[in-house]
Every structure is written in C-alpha cells, then in structure tokens.
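The values are calculated or read from the model by the stated rules, or taken from the named source; none is laboratory data. Keep in mind it's a predicted model, so treat the numbers as computed, not measured. Cβ coordinates were reconstructed from backbone atoms using ideal geometry, including for glycine residues, and neighbour counts include every protein chain displayed. When the accessible area is computed, the model is the full protein with side chains, heavy atoms only, and any ligands, DNA or RNA have been set aside. Shrake-Rupley method; radii C 1.70, N 1.55, O 1.52, S 1.80 Å.
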Amino acid sequence: MLDERANHWLPVDQYIGGIEHAILHLLYARFFHKLMRDVGLVSSNEPFANLLTQGMVIADTYYRDLGEGKKQWINPADVEQRDGSWVLKADGQPVIVGGTEKMSKSKNNGVDPQTLIDQYGADTARLFMMFAAPPEQSLEWSDAGVEGANRFLRRLWKAVHDHVETGILEPYSGGALSPQTQDFRRQLHQTIAKVSDDIERRKQFNTAIAAIMELMNAMAKLEASDARPVKQEALEAVTLMLAPIVPHICRSLIKALKPGACLMGATWPVVDDSALARDE
C-alpha cells in the first residue's frame with residue numbers, strides 16, 4: 001500500500017487550518033495515520049509536526065426583518081450611512097445593523113476579492129490580511145485598513161523611486177558612518193532579525209510588517225550625508241523581506257534597485273552582527 005516515500009514526506013512540517021476543521025479533517029487524518037502506524041505502514045507517530053489554527057475573517061452584517069423569524073441579509077457593499085442611519089443604496093430605506101459575524105454566504109457579508117483587486121491590486125489585499133491580526137485570531141474586515149495598506153505600498157514605491165532617481169549604487173559594505181546613519185543601520189539589522197524570526201518561527205506576520213513599517217518611517221527621517229549606501233542596503237532588504245507577502249510590487253522594486261536582478265533567485269537578507277554592536 002505504501003513504500004519508503006511515505007516516511008520521507010511524513011510527518012508534514014506545518015498544518016494550517018481553521019478551527020472548524022479540528023473535528024473533521026484533522027481528527028480523521030490523525031486517526032488513519034495512527035492506524036497505519038500500528039500496522040507498520042508508516043514510522044511516525046503523528047501526521048503533522050506543527051499546527052497553526054487560523055482565525056476567522058469577520059465583517060459587519062446588515063439585514064431587513066421579513067417577519068415570521070425570516071431575515072433578508074444585505075451585503076455591506078450595498079449599504080451606506082446617511083444622516084447617521086444605515087440605508088440600502090438602491091432604495092434609500094433603512095436596514096438593521098446585525099453586528100460583526102464570520103464572513104459567510106448565509107449572512108451575505110463576504111467581500112468580493114476581485115472588486116478589491118480591481119481597485120487596489122492583489123498586493124494590497126494580501127498586505128492588509130497579513131497585517132490586520134495575528135493569524136490565530138479573528139480578523140475584522142475594515143475598508144479603512146485596506147486603504148491604509150495601500151498607502152504604505154505607495155510610500156514604499158515612492159521611497160524606492162526617489163532613491164533610484166538620484167542614482168543606483170552598491171549597498172553599504174563597510175567603513176565609518178555618522179552616528180545617525182550607524183543608529184539607522186543598527187535598526188535595519190535588528191529588523192531583519194525580528195522579521196526572520198516572526199515569519200519562520202513565530203508565524204506572526206503582523207508584527208513582521210509592523211517592524212518594516214517602523215524601519216521605513218525611520219529611513220524617511222534619515223538625512224545624513226553618508227546615508228545613501230545604507231539606504232540602498234535597507235531598501236533592498238525591505239523589498240526581499242516583503243516579497244513573500246507582496247510579491248508583485250517587490251518584483252518591480254528589486255529590478256529598479258538592482259537592474260537585472262530576479263526576485264525568485266534572490267536570497268533572504270542576512271543579519272550583520274557587527275551592525276548590532278553599540279559603542280556606548
């Protein structure tokens with residue numbers, strides 16, 4: 001029934017599933033795996049080495065009471081606020097706010113990904129979902145949060161454009177730095193260490209993105225005359241760290257920063273321990 005390939009691929013390194021799967025697929029998979037273990041078909045005790053149970057995506061709900069316990073659920077995209085009340089756009093008549101619920105067909109409170117992609121692009125949608133909440137917690141959908149994610153990507157694009165327009169150069173590779181630039185480079189390599197750990201070990205993508213946003217804010221304030229090579233180093237590192245989350249924009253940015261570079265062939269940024277040392 002099975003050969004040595006089963007023991008090569010098992011146990012699976014990482015299982016990701018919603019909580020609603022815990023008594024369905026996850027339970028059945030473990031049951032059959034342990035059965036095959038008992039009869040000598042596989043050598044591992046469990047089918048999965050690690051489990052991440054992701055939270056639900058929740059959103060506002062709206063409805064009209066049809067009587068006799070029946071409700072007509074209305075999609076959030078079809079309502080708007082007028083004079084402090086929520087109304088249906090089509091007829092201007094009021095609707096009832098049902099609170100936040102798990103996105104579902106029955107509550108008609110799902111967001112069409114294609115509408116979001118048409119307006120903002122897929123990267124914005126990906127960045128918002130990764131940033132809005134830790135993966136194991138519920139994610140409350142927010143149009144304002146989506147717009148905020150889009151604004152950050154626009155700022156990143158502008159930062160790379162302004163840097164490249166001044167001239168591309170090699171990233172910093174050594175030499176004396178002013179105190180301000182040295183402090184920023186320390187923050188850069190602290191960020192690389194944190195993002196690497198957040199993504200690989202902790203699976204906390206939201207804090208990884210927050211650290212990158214803090215680094216970009218710090219770079220916007222960096223005005224030292226010797227800062228350009230370090231800015232080149234920082235922008236390349238930021239582009240590579242964001243690539244798993246927003247691959248489309250990063251593919252363009254890495255080509256702008258390093259003409260001829262390919263995102264798929266790039267390696268993850270490496271922490272420079274010497275940059276983390278403090279003089280006082």
Query raised in the report: Ordering 43, 252 by how much accessible area each has at a 1.4 Å probe, largest first, what is the list?
Result: 43, 252
Query raised in the report: So what are the ³J(HN,Hα) numbers for segment 235-251, from phi and the Karplus equation (6.51, -1.76, 1.60; θ = phi - 60°), rounded to whole Hz, Gly and Pro as x?
Result: 5, 5, 5, 4, 4, 6, 6, 7, 4, x, 9, 10, x, 5, 5, 5, 4
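I want the local charge near residue 236. Using Cβ-Cβ distances under 14 Å, sum +1 for each Lys or Arg and -1 for each Asp or Glu among the other residues. Don't skip to the end; give the middle numbers.
Details: positive: 185, 228, 231, 251, 255, 258; negative: 170, 233, 272.
Local net charge: +3.
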Requested in this report: Would you mind getting the accessible area per residue of segment 175-218, heavy atoms of the protein chains only, 1.4 Å probe, in Å²?
Outcome: 44
Requested in this report: State the dimensionless ratio Rg/Rh of segment 178-266 (Rg: radius of gyration of Cα atoms; Rh: Kirkwood radius).
Outcome: 0.97
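Summing Lys, Arg as +1 and Asp, Glu as -1, what charge do residues with Cβ under 14 Å from the Cβ of residue 279 carry, residue 279 excluded?
Working: positive: 185, 186, 278; negative: 183, 280.
Taking every other residue near residue 279 into account, the sum is +1.
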Query raised in the report: How much accessible area does residue 25 have with a 1.4 Å probe, in Å² rounded to the nearest 10?
Result: 100
Query raised in the report: Using θ = phi - 60° and the Karplus form 6.51 cos²θ - 1.76 cosθ + 1.60, what ³J(HN,Hα) does each residue of segment 264-280 get, whole Hz, x for Gly and Pro?
Result: 5, x, 7, 9, 5, x, 10, 6, 8, 4, 5, 6, 7, 5, 10, 7, 8
Report summary line: Calculating percent of Cα pairs over 29 Å apart from this structure picks out, from [x] 34; [y] 52; [z] 47, entry [y]
Report task. Hey, can you find the accessible area per residue of segment 105-157 for me, probe 1.4 Å, expressed in square angstrom? Result -> 58
Report summary line: Note to self: with every protein chain in place and a 1.4 Å probe, segment 1-90 gives an accessible area per residue in Å² of 70
Query raised in the report: Given the rule -39500 (n - 2.57) for each run of at least 4 DSSP H residues, summed and divided by the residues of the chain, what is its mean residue ellipticity at 222 nm, to the nearest 500 deg cm²/dmol?
Result: -14500 deg cm²/dmol
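Determine the share of the chain's accessible area contributed by carbon and sulfur atoms, expressed in whole percent, with a 1.4 angstrom probe.
That fraction is 54 percent.
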**Report entry** HN-Hα J in Hz across segment 153-164 - Karplus 6.51, -1.76, 1.60, θ = phi - 60°, x for Gly and Pro
**Finding:** 5, 5, 5, 4, 4, 5, 4, 5, 4, 5, 5, 5
Requested in this report: Quickly work out the residue 23-to-residue 166 label distance, labels modelled 7 Å from Cα along the C-beta direction, and quote it in nm with one decimal.
Outcome: 6.0
Requested in this report: Give me the distance in nm between label points sitting 7 Å out from Cα along the Cα-to-Cβ direction at residue 158 and residue 101, one decimal.
Outcome: 4.1
Query raised in the report: In terms of the Cα gyration tensor, with a ≥ b ≥ c the square roots of its eigenvalues, is segment 1-133 rounded because a/c is under 1.5, prolate because a/b exceeds b/c, or oblate?
Result: prolate
Requested in this report: For 191, 207, 267, write out the residues from largest to smallest accessible area, computed with a 1.4 angstrom probe and no ligands counted.
Outcome: 267, 207, 191
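I'd like the FRET efficiency for residue 274 and residue 138, computed as 1/(1 + (r/R0)^6) with the beta carbon distance as r and R0 of 41 Å, rounded to 0.05.
Values: r = 42 Å, r/R0 = 1.03.
That pair, residue 274 with residue 138, gives E of 0.45.
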